[in-house]
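Working notes for the structure below.
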Amino acid sequence: MTQIRDHDLTLGFATRAVHAGQLPDPLSGAVMTPIYQTSTYAQEGLGRHKGYEYARTQNPTREALERNIASLEGGRFGFAFGSGLAALDAILKLFKAGDHVICGFNVYGGSHRLMERLYTNFGLTFSFADMRDIRNVERAITPATRLIYGETPTNPMMHLSDLSALGDLAQAHGYLFAVDNTFATPCFQQPLAHGADIVLHSTTKYLNGHSDMIGGMLVVGREDLAERIGFIQNASGAVPGPMDCFLCLRGTKTLPLRMARHDQSGRRIAEWLTGRKDVGKVYYPGLPDHPQFDLARRQMKGFGGMISFDVNDPARARRVAERVKIFALAESLGGVESLIGHPASMTHAAVPPALRLEMGLTDSLLRLSVGVEEVDDLLADLDQALKG
Ligand SMILES: *Cc1c(COP(=O)(O)O)cnc(C)c1O
């Protein structure tokens, strides 16, 4: 369990991104937190050690990352995991057979799979609700409900849910409220400030930002909850290695710079797509015609680089995805390089076709993760691919 120092919460966001949770290495003064590539630590005598006994339980590189991201989310305790799904797995282990979870119906496919295909075997029950409307969440409540779990914006339809309203609902009933903040990042949205108890990240995405590791993180403010999650982190042991923690920590230092660029280019490209006659619906929370634009402006400071758009014809979607030259056709998101994906056949292939259509996820939908390249080059690339 890694607790941040108090001053880590008082400095500005960009300062904390660079410094929070890190001190020069006590041995050499190294400015970058070393990669403590060790499984164990020598003890001076029986029961006498520096607070480090075994690296599943404590690792200084991991602790620096945990403090850093906890500070960025405005929380007090961070817990790093080997992947975003391992972090969700730890949340679900807070519960027991018979407990009921209300989950957003449009969450990340792997999150849905972990709940429906694994945790139902252990007696947890799940309802999947369209969280754009809080009444759908209220209707899903049962006497066994213990957790509300959501994502906003969602992938790839960019549905938003009202974090403060969900936080109030969870608090009124004594439920835990957990939010997957992978898309918005703490740069643009801080769920703990809206009443969330737990924030989850796939650090694989924007927090690392360079597409060179897989990782997850949980951040909480409450000490009692931190103790329970810390127990699970150590007891289940899905911890990341120190090299991956180092890579993520290097990434978070530039998070505000990268997010500003993703956001600036994202807005430009979304507007450009909206103006094209050969493109159908464009899904981006920063567009004034997004049905939840007011909510987006209320709870988000920026809209980022994730855009979905419909090219009205599945064969054309395939051509565009294969014709781009700078955008890489790939799963994942949030790196410095721009990616394009076809959700119906890639990230959301496991979602039943009827459910896909119900949420507007057609076979002609494409999804962009806009990177930090020159936006004019990205526009020219999309232009030539759409004309082809
Ligand atoms: C990628 C992703 C996950 C899963 O994270 P992994 O690191 O791949 O396990 C969870 N939620 C969202 C929103 C994601 O994009």
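One line per residue, one yes/no per condition, for (1) more than 15 Å from the ligand (Cβ to nearest atom); (2) in contact with a His (Cβ under 9 Å, 6 or more places away or on another chain); (3) under 20 Å from THR145 (Cα atoms):
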{"site": "TYR175", "(1), (2), (3)": "yes, no, yes"}
{"site": "THR185", "(1), (2), (3)": "no, yes, no"}
{"site": "VAL219", "(1), (2), (3)": "no, yes, no"}
{"site": "GLU223", "(1), (2), (3)": "yes, no, no"}
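For region 187-207, name all the residues that are within 11 Å of the ligand (Cβ to nearest atom), closer than 16 Å to LEU255 by Cα and touching a strand residue (DSSP E or B) at 6+ places or on another chain (Cβ under 9 Å).
Passing the criteria: HIS201, SER202, THR203, THR204, LYS205, LEU207.
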* **Within region 103-186, strands (runs of 3 or more DSSP E) holding 3 or more residues that are assigned by TED's automatic domain parsing to the domain that holds TYR206, free of Cβ contacts under 8 Å to residues at least 60 places away in the same chain and surrounded by fewer than 20 Cβ atoms within 10 Å (Cβ to Cβ)** => 125-129
* Out of the residues in region 318-358 that are within 24 Å of GLN264 (Cα to Cα) and acidic (Asp, Glu), state the one that is surrounded by the most Cβ atoms within 10 Å (Cβ to Cβ). => GLU337
* Residues (away from the ligand (no atom under 16 Å from the Cβ) and under 21 Å from GLY195 (Cβ atoms)) located in region 68-101 -> ALA70, SER71, LEU72, GLY74, GLY75, ARG76, PHE77, LEU94, PHE95, ASP99, HIS100
* Within region 34-86, track down each residue that is among the polar types (S, T, N, Q), closer than 17 Å to VAL239 by Cα and part of a helix (DSSP H, G or I). => THR61, ASN68
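The values are calculated or read from the model by the stated rules, or taken from the named source; none is laboratory data. For clarity, every value in this text was computed on a predicted model and none was experimentally measured. Ideal geometry is used to build each Cβ from the backbone, glycine not excepted, and the neighbour counts take in all protein chains shown.
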